[in-house]
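The structure appears below as structure tokens.
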Amino acid sequence: MINKVPHSAHQLIDQFGRVVDYIRLSITDRCDFRCVYCMAETMTFLPRDEVLSLEECARLVKIFVGLGVSKVRITGGEPLVRKNALWLFKEIGQLKNLNELVLTSNGSQLEKHALDLKNAGVKRINISLDSLDAARFKKITRTGELDQVLRGIRAAKNVGFESIKLNTVLMRGVNDDEAIPLVKFAIEHAIDIAFIEEMPLGDISHDREATFCSNQDTLKKLQNQYPLIASTETTGGPARYWRVANSNTKIGFISPHSHNFCEDCNRVRITCKGELYLCLGQEDKIDLMPLLRDHPNDDQAVIQAILASMAIKPKGHDFDLRRAKPAVVRFMSHTGG
């Protein structure tokens, strides 16, 4: 459950009394992978002038932290393909009152940047990994090399990150037979893993209803293989966790279809265009980029827009795989992972 702290400590409280203390900021819509559940095979990316500068990203983070946000996740696309991205991590990593700076990555650039990210103040890394079979990994990502990601995971472990978690999207008939091998890999490397039900974002090439893999089914499969202990632990996001007995691994389940987690939502998302989305699965948004650029030396207009946005944060998403079209037209890479 969200810790509904006194209003004096947090200014971002929505119409349902939920405290927003967590932002996910995308710093690029570009990625060196083309994962089948995230992107179309051929993508058109935003021109540079339609993307927040890194200085604007840092300014937004500072504003949100000033309003009571204590956790910031930097996402993409793949955030580490953004030129000079490390500058941003260094700039915000030491902010007073920012308790957690975390990263979501596909792992392709971690071998090169893990130590710098650790030194910049990143506390935790989530790494997408949908298969341990190189050929299947290539098919799912279209362009990715499994060994490059595995080297990145090792690099992150070697520099001593406090927490590393794998994010896995299982798809029926594609990689749903890998739940147990992926958990085994996580246990062997003393890291965590979360299974995420595929979300209906963007018009992609496969039938999501046909490939949908319920986390309830995955949990049952894992319970037949491992002694799992239900846990009340949380990392501030929507995952529900189980501990693997006699190991250092916990397994999370993010289930937007089989278990709607919106009643405790404590987060908002900012796209690389400066669009403040109040819900991943709805279109309610506030455009912050024009305010940032029209008021380069005064944050009040941006602050007022953010405060006002709390009144339009919806109660929850409305995902339905039976729809003929995706619930949301924008790709996941646009909104940020």
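The values are calculated or read from the model by the stated rules, or taken from the named source; none is laboratory data. These numbers were taken from a predicted model, which means no experiment stands behind them. For neighbour counting, all protein chains shown are included, and Cβ atoms are generated from backbone atoms with ideal geometry for every residue, glycine included.
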Only one of these is in contact with a Leu (Cβ under 7 Å, 6 or more places away or on another chain), in contact (Cβ under 8 Å) with a residue 12 or more places away in the chain and buried (at least 20 other Cβ atoms within 10 Å of the Cβ): F195, F212. Name it.
F195
Taking the stretch 37-70 as the region of interest, how many residues are closer than 13 Å to I306 by Cα and β-branched (V, I, T)?
4
Those residues of the stretch 230-283 that are surrounded by 21 or more Cβ atoms within 10 Å (Cβ to Cβ), farther than 22 Å from I312 by Cβ, of a type in the set (G, A, S) and modelled with pLDDT of 95 or more come to a total of 1
Select from the stretch 157-187 the residues that are surrounded by 15 or more Cβ atoms within 10 Å (Cβ to Cβ), outside any loop (DSSP other than H, G, I, E, B), among the aliphatic types (A, V, I, L, M) and touching a helix residue (DSSP H, G or I) at 6+ places or on another chain (Cβ under 9 Å) and list them in ascending order.
I164, L166, A179, V183
Tabulated pairs, the stretch 117-143, first free of Cβ contacts under 8 Å to residues at least 24 places away in the same chain and surrounded by 16 or more Cβ atoms within 10 Å (Cβ to Cβ), second part of a loop (DSSP other than H, G, I, E, B) and among the charged types (D, E, K, R), C-beta under 9 angstrom, 6+ apart or interchain
F137/D130; F137/E145
Pairs where the first residue, in the stretch 91-109, is in contact (Cβ under 8 Å) with a residue 24 or more places away in the chain and of a type in the set (A, V, I, L, M) and the second is crowded, with 17+ Cβ neighbours inside 10 Å and part of a strand (DSSP E or B), C-beta under 6 Å, 6+ apart
L101/V72; V102/R73; V102/R124; L103/I74; L103/I125
Only one residue in R59, R73 is surrounded by 23 or more Cβ atoms within 10 Å (Cβ to Cβ), touching a residue at least 40 places away in the same chain (Cβ under 8 Å), charged (D, E, K, R) and within 29 Å of D14 (Cβ to Cβ). Which one?
R73
Residues of the stretch 292-317 satisfying the condition of being in contact with an Asp or Glu (Cβ under 9 Å, 6 or more places away or on another chain), of a type in the set (A, V, I, L, M, F, W, C) and in contact (Cβ under 8 Å) with a residue 12 or more places away in the chain:
L292, A305, M310, A311, I312
